[in-house]
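S.K.: Here it is, the structure, as structure tokens.
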Amino acid sequence: MKRISAILLAGVAAFAVIATLAGPVPLAAGEMTTTVGGAPMYPSKNIIENAVNSKDHTTLVAAVKAAGLVETLQGKGPFTVFAPVNAAFDALPAGTVDTLLKPENKDKLVAILTYHVLPGKHSAKSIMADIKKMGGKATYKTVEGEDLSFEMKDGALWVWDAKGDAARVTIADVNQSNGVIHVIDKVLLPKA
């Protein structure tokens, strides 16, 4: 009996690990989550309610708070957010993040963060359709006011900033109640 219990327990544990690694988890009423930074992202929650749970986005969340954008990103939207992971912020020149988080640099921080936001809800599929329709490159105006360009490269969706640097979308279509998040591997910077 102990052997059967141990086998059943091992089977349940293995199923739990597989289910966790599998990504989307079905919920009540057909709601699906996507795991980002070790936490489920619920489509019924807004961008902020989900982002604060991702261990891969603690720097972004701190920056959003310092910029005073929490209330905006909790609003109705819809918004499309390109969310850089912590490693993307770590790749910036030494001291950049600490400098941006200072109150006297709030305007610059707001500009950088709103450069990662498009008005409206743009799925990866719709962006890729625009890329195809526009002959291989699509351009969108950000909330900050400058453009981001999108292309397909090596089978992945890429976004280019005004300075010509590129970020790869690593997790697409993380749906939120007020828009969608696409996780990216670099921080995008406007010209200004």
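The values are calculated or read from the model by the stated rules, or taken from the named source; none is laboratory data. Because the structure is a prediction, the values reported are computed rather than measured. All Cβ positions, glycine included, derive from the backbone under ideal geometry; neighbour counts span all protein chains shown. When the accessible area is computed, the model is the full protein with side chains, heavy atoms only, and any ligands, DNA or RNA have been set aside. Shrake-Rupley method; radii C 1.70, N 1.55, O 1.52, S 1.80 Å.
S.K.: Can you name the residue in segment 95-145 that is among the polar types (S, T, N, Q) and touching a helix residue (DSSP H, G or I) at 6+ places or on another chain (Cβ under 7 Å) and is also nearest to ASN175 (Cα to Cα) among such residues?
M.R.: Residues of segment 95-145 among the polar types (S, T, N, Q): 96, 99, 105, 114, 123, 126, 139, 142.
Now drop any that are not touching a helix residue (DSSP H, G or I) at 6+ places or on another chain (Cβ under 7 Å), which leaves 99, 105, 142.
Values: THR99: 32, ASN105: 31, THR142: 19 Å.
If we take residues in segment 95-145 being among the polar types (S, T, N, Q) and touching a helix residue (DSSP H, G or I) at 6+ places or on another chain (Cβ under 7 Å), then THR142 is nearest to ASN175 (Cα to Cα).
S.K.: Could you give every pair whose Cβ atoms fall below 7 Å, whose first residue belongs to segment 64-79 and is in contact (Cβ under 8 Å) with a residue 24 or more places away in the chain, and whose second residue is assigned to a strand (DSSP E or B) and open to solvent by less than 40 Å² (accessible area, probe 1.4 Å), counting only separations of at least 6 or pairs across chains?
M.R.: Note: pairs meeting the criteria are LEU73/PHE79; GLY77/GLY179; PRO78/GLY179; PHE79/VAL117; PHE79/GLY179.
S.K.: Turning to a different aspect of this structure: Report yes if THR114 is touching a residue at least 40 places away in the same chain (Cβ under 8 Å) and closer than 20 Å to ALA162 by Cβ, otherwise no. Walk me through it before giving the result.
M.R.: Working: touching a residue at least 40 places away in the same chain (Cβ under 8 Å): yes; closer than 20 Å to ALA162 by Cβ: yes.
Yes.
S.K.: Right, another one. Test LEU189 against the stated conditions and say whether it is in a loop (DSSP other than H, G, I, E, B) and touching a residue at least 24 places away in the same chain (Cβ under 8 Å).
M.R.: Working: in a loop (DSSP other than H, G, I, E, B): yes; touching a residue at least 24 places away in the same chain (Cβ under 8 Å): yes.
Against the criterion (in a loop (DSSP other than H, G, I, E, B) and touching a residue at least 24 places away in the same chain (Cβ under 8 Å)), LEU189 qualifies.
S.K.: Same structure, new question: Output the residues belonging to segment 55-70 that are of a type outside the set (A, V, I, L, M) and modelled with pLDDT of 90 or more.
M.R.: From segment 55-70, those of a type outside the set (A, V, I, L, M) are 55-59, 65, 68; that's our starting set.
If the condition is that a residue be of a type outside the set (A, V, I, L, M) and modelled with pLDDT of 90 or more, then LYS55, HIS57, THR58, THR59, LYS65, GLY68 are the ones that fit.
S.K.: Do you know which of the residues in segment 64-99 that are under 16 Å from VAL183 (Cβ atoms), surrounded by fewer than 19 Cβ atoms within 10 Å (Cβ to Cβ) and not small (Gly, Ala, Ser) is nearest to the chain's Cα centre (by Cα)? Outline the logic, then answer.
M.R.: Residues of segment 64-99 that are under 16 Å from VAL183 (Cβ atoms), as a first pass: 64, 73, 79-91.
Next, only the ones that are surrounded by fewer than 19 Cβ atoms within 10 Å (Cβ to Cβ) stay: 86-87, 90-91.
Then drop every residue that is not not small (Gly, Ala, Ser), which leaves 86, 90.
Numbers: ASN86: 11, ASP90: 16 Å.
Among them, the one singled out is ASN86.
S.K.: When you look at VAL61, is it surrounded by 14 or more Cβ atoms within 10 Å (Cβ to Cβ) and touching an Asp or Glu at 6+ places or on another chain (Cβ under 8 Å), yes or no?
M.R.: Numbers: surrounded by 14 or more Cβ atoms within 10 Å (Cβ to Cβ): yes; touching an Asp or Glu at 6+ places or on another chain (Cβ under 8 Å): no.
So VAL61 does not fit the description; no.
S.K.: Filter segment 146-160 down to the residues that are open to solvent by less than 40 Å² (accessible area, probe 1.4 Å) and in contact with a Ser or Thr (Cβ under 8 Å, 6 or more places away or on another chain) and list them by number.
M.R.: LEU148, SER149, PHE150, VAL159
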